[in-house]
């Protein structure tokens, strides 16, 4: 009896060419993270519940994949993000790490989300964070998005825009206009792009703002004051008194924020890719300083493709040492799905294997083995096809495998120490000595950067 | 209240320098697998129980990490190897794949093993397999270990020996001497290296072998016949009659085996690294053709560091199509632990980050940002240190982070557009223009291949 082969709903699994593309995206992220000096980290996918839920559960607990022991749920679960494991790691290894500690982590996390298109229950996150000891220079807040910018540039995705804001500006401003508990207000303001000014207005009414407070809020977030955000903020700063409620918070944050925006350009993000957006707030309790969301021009409906910000004390549940940090997370699995759906990335035939080597008959086997070995020795990826059958079947395999070149070894080639090299797309076929063929393939590789080791 | 930060027993977690080394080993494996033309594959870590246990459970079911739904165990579990998911994958996607289908898969698997040193409950496997449709050329059986050989060569681990045997030779031989149910005998023979000839003799007695059968068995496995294994096998083959029980199996296997051994050399494994070992059998029901184990000279106590073989029908539980295959699996997490313990690999200071850039004061921040950006633009990995504090603290950070070069930007450097570059180990410090410093770092990188993108 055979079992119907299938996977669970909400899990991603790719066919080979798509997997190659996924690996390319993942490797691009990793290369950039490394170049920016972040250490790799890999933590267990299973953690103790007391670690995962040290903060208290909230919404996420319902989505948790618990591990069973025997028939019953145990006190272990699969991680739902990479931030809790990072907090646990830095608290556990504080004395063994140098701070600021920069780490990247690309790993799978698990959330039993409602099953819907483009949402996955197992997905890769690709995070970078910088963690300080007691303090952390705000220049890090500028460098983190610069790494993200380079990733998208390398992937050939244009029009990436960082929407940035600062929680200290928001909190300081709201306190200064007499709103001390700003949670509902931040929540309302964050919806501006989604529900428009009228929608936000209703939510602000519900939050109990006076007409005057509402008017000031709408000016602050740019609905009624159409000057560029930095000008608006500068004029608020000018009128701000450090001794008033929220005043010091606002003015300190304003100084930091200007430093961050300037340094983002310094780190290589052109100014037209930086959008100061006083309406983004990113959740409610975690972030304390700069916050970022990342959008792709023309594809705003995808939502933010990389988000993060500055937090005050990463590991407060695990350590008495204050560890402020800043980071950004890419939801890699979802991003890949989105970029594919939008046609912003696509697999390319001939990208992966430099050549398929086919001996015409058994007599040519040894010569064909010699050829693949020589190709691999110079770093070219090569595959050998030694199944019996007609040439038509063999070429059809080459086609299915998406190789660009086929190297055929027939009787003549074997006797003369040559190879017949055929470019699949054009059908061009030429006979040449092996070393010449290798030179040719290496040239092709350096021309288009493909099939390389 | 803070929770004591810790991980579950039996899980591996590394400090940054060790993690860099682990990533290096993993990347080496991946690079070689790709060069040999294997497609990447990544399947969900959670599968349906009906898939994971289609074959029946056996010993492994006790070690399974089941997923709980609410309070109770569900019908989903974490995978315990990468072979069952591969079988499910090829059965599920048969019509979308080209056969022979070559794939590599480096991923985490889960087994609730008894907690002991060097054994992990979450560990990476790094597998390659080639799967045929109905048939598969035995040349693949030779290519698979060649990839493994290249991996160990690249890791700088000498003295890797492949112990190879063929289940058809064993089955054919035992049938020919009147042993039709050879399970207990294979089990006994496999223990030769561990328990010696006397131990095997006892087990063979228990299995009910006659003295004559035992004598022939001892000659066959090389205990009493001291000729090289290939000579022994050749003489058995010479005396074998195809019409006798096991005769045809033995003779066909012998022809294949000779092809495989010859082709292993052709693919690049020097003959002194190939040990025909008629006593290895590798488990009892899965493998049907060639079997391999891999040992490191002088470190035989580590056991086999890469094992595998040929199987008759990979996906019989999921498909009616016969899919023979051959593959090898590296238990990467355990291997890493073993190689570290044995001192065969070690992290190197200065391997990861090309340079740490330190501005002397706030005035030099913009210049320092410019420097890291220029370094990264040519592909050099660079880290910026902008925390306040004394130079001593900054150099101590450079030391802890294991960087080889520190680039210091002071007032003079800022004004003159130069940098001060200090090699940490020698203490040598020189002032030069930035472009010269970049050229110098690139030279150093190409000399020792470090800190590269």
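The values are calculated or read from the model by the stated rules, or taken from the named source; none is laboratory data. Here the structure is a predicted model, which means the values were calculated and not measured. Quick reminder, even Gly has a Cβ in these numbers, built from the backbone with ideal geometry, and neighbours come from all protein chains shown.
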Segment B:241-267, residues that are surrounded by fewer than 20 Cβ atoms within 10 Å (Cβ to Cβ), part of a loop (DSSP other than H, G, I, E, B) and touching a helix residue (DSSP H, G or I) at 6+ places or on another chain (Cβ under 8 Å):
B:241, B:242, B:244, B:245
Residue count for segment A:191-222, restricted to those that are outside any helix (DSSP H, G or I) and under 31 Å from the mean Cα position of the chain (by Cα):
3
Segment B:48-88: number of residues that are in contact with a strand residue (DSSP E or B) (Cβ under 9 Å, 6 or more places away or on another chain) and either part of a loop (DSSP other than H, G, I, E, B) or within 7 Å of chain A (Cβ to nearest Cβ) (or both)
18
Index of the failed condition, residue A:422 passing every other in (1) under 22 Å from residue B:266 (Cβ atoms); (2) touching a strand residue (DSSP E or B) at 6+ places or on another chain (Cβ under 9 Å); (3) more than 14 Å from every other protein chain (Cβ to nearest Cβ)
(1)
Only one of these is more than 25 Å from residue A:23 (Cα to Cα) and assigned to a strand (DSSP E or B): A:327, A:309. Name it.
A:309
Does segment A:223-236 hold any residues that are in a helix (DSSP H, G or I) and under 15 Å from residue A:165 (Cα atoms), and which are they?
A:229, A:230, A:231, A:232, A:233, A:234, A:236
By residue number, the members of segment A:360-373 that are facing chain B (nearest Cβ under 9 Å) and surrounded by fewer than 24 Cβ atoms within 10 Å (Cβ to Cβ) are A:365, A:366, A:370, A:373
Taking residue A:279, is it surrounded by fewer than 23 Cβ atoms within 10 Å (Cβ to Cβ) and within 12 Å of residue A:146 (Cα to Cα)?
no
Note: among B:266, B:309, B:289, just one is under 29 Å from the mean Cα position of the chain (by Cα) and closer than 30 Å to residue B:118 by Cβ, namely B:309
Out of B:199, B:159, I need the residue that is surrounded by fewer than 22 Cβ atoms within 10 Å (Cβ to Cβ), without any contact (Cβ under 8 Å) to a residue 60 or more places away in the chain and out of contact with any helix residue (DSSP H, G or I) (no Cβ under 6 Å at 6 or more places or on another chain). Which one?
B:199
Determine, yes or no, whether residue B:290 is within 14 Å of another protein chain (Cβ to nearest Cβ) and modelled with pLDDT of 95 or more.
no
Quick count over segment A:374-416, residues being away from every other protein chain (no Cβ under 13 Å) and surrounded by fewer than 17 Cβ atoms within 10 Å (Cβ to Cβ), is 7
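Per-residue answers, yes or no, for (1) within 14 Å of chain A (Cβ to nearest Cβ); (2) in contact with a strand residue (DSSP E or B) (Cβ under 6 Å, 6 or more places away or on another chain); (3) under 28 Å from residue B:321 (Cβ atoms); (4) at pLDDT below 95:
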| position | (1), (2), (3), (4) |
| --- | --- |
| B:107 | yes, no, yes, no |
| B:110 | yes, yes, no, no |
| B:117 | no, no, no, yes |
| B:137 | yes, no, yes, no |
| B:144 | yes, yes, yes, no |
| B:149 | yes, no, no, no |
| B:153 | yes, no, no, no |
State all residues of segment A:1-47 that are more than 30 Å from residue A:149 (Cβ to Cβ), more than 7 Å from chain B (Cβ to nearest Cβ) and surrounded by fewer than 17 Cβ atoms within 10 Å (Cβ to Cβ); if no residue qualifies, say none.
A:1, A:4, A:9
Is one or more of the residues making up segment A:94-102 in contact with a strand residue (DSSP E or B) (Cβ under 7 Å, 6 or more places away or on another chain), surrounded by fewer than 21 Cβ atoms within 10 Å (Cβ to Cβ) and within 9 Å of another protein chain (Cβ to nearest Cβ)?
yes
Mind listing just one residue for me: the one in segment B:306-322 that is crowded, with 21+ Cβ neighbours inside 10 Å and touching a helix residue (DSSP H, G or I) at 6+ places or on another chain (Cβ under 6 Å) and, of those, nearest to the other protein chains (Cβ to nearest Cβ)?
B:318
Give segment A:325-359 a look and list any residue that's within 24 Å of residue A:399 (Cβ to Cβ), away from chain B (no Cβ under 13 Å) and touching a helix residue (DSSP H, G or I) at 6+ places or on another chain (Cβ under 7 Å), or say none.
A:345
Pairs, please: C-beta under 7 Å, at least 6 apart or cross-chain, first residue more than 11 Å from residue B:52 (Cα to Cα) and in segment B:80-98, second surrounded by fewer than 18 Cβ atoms within 10 Å (Cβ to Cβ) and at pLDDT below 95?
B:98/A:400
